[in-house]
Amino acid sequence: MTYVIAEPCIDVKDKSCIEECPVDCIYEGNRMLYIQPDECVDCGACEPVCPVEAIYYEDDVPAQWKEFRGANSEFFVEIGSPGGASKVGVTNSDHTIVVAVPPKSN
């Protein structure tokens, strides 16, 4: 894995990162976005455009969000590596860690 999307993305899903990603490896769950680790080319284009600073290089994920390293890769256990998020669209699912987080109030 290379980059990871962490807890600040939950219920935000700004999608600026999707627009910057040159390989279309950022997939949309119901409540947050996920980076497909086998498709990510480690370019880092997504990290600086995230307005809530939810994207980190895997070794730099803050301790309070370390479980999101596994959540990003485990999210793809069922869908695999489809070869581009635009082919899949919104998955209408989330990792159990994300589901367990109480909804953010607007």
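The values are calculated or read from the model by the stated rules, or taken from the named source; none is laboratory data. None of the values given here were measured: they were computed from a predicted structure. Counting neighbours? That spans all protein chains shown, and the Cβs are built from the backbone with ideal geometry, glycine included.
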Please go through the range 40-52 and give me each residue that is surrounded by fewer than 13 Cβ atoms within 10 Å (Cβ to Cβ) and not in a helix (DSSP H, G or I), ordered by number. Val41, Asp42, Pro51
For the range 19-56, what are the residues that are under 16 Å from Ala6 (Cβ atoms) and among the hydrophobic types (A, V, I, L, M, F, W, C)? Ile26, Met32, Leu33, Ile35, Cys40, Cys46, Val49, Cys50, Val52, Ala54, Ile55
Given (1) buried (at least 19 other Cβ atoms within 10 Å of the Cβ); (2) among the hydrophobic types (A, V, I, L, M, F, W, C); (3) assigned to a helix (DSSP H, G or I), Ile18 misses just (1)
Please specify each residue of the range 21-39 satisfying the condition of being surrounded by fewer than 23 Cβ atoms within 10 Å (Cβ to Cβ) and touching an Asp or Glu at 6+ places or on another chain (Cβ under 7 Å). Val23, Gly29, Asn30, Arg31
Which one is modelled with the lowest pLDDT, of the residues in the range 53-100 that are touching a Lys or Arg at 6+ places or on another chain (Cβ under 8 Å) and either assigned to a loop (DSSP other than H, G, I, E, B) or surrounded by 14 or more Cβ atoms within 10 Å (Cβ to Cβ) (or both)? Glu58
Where the second residue is at pLDDT 95 or above and surrounded by 11 or more Cβ atoms within 10 Å (Cβ to Cβ) and the first is under 19 Å from Pro22 (Cα atoms) and of a type in the set (Val, Ile, Thr) and lies in the range 69-88, which pairs have Cβ atoms under 8 Å and are six or more apart or on separate chains? Val88/Tyr27
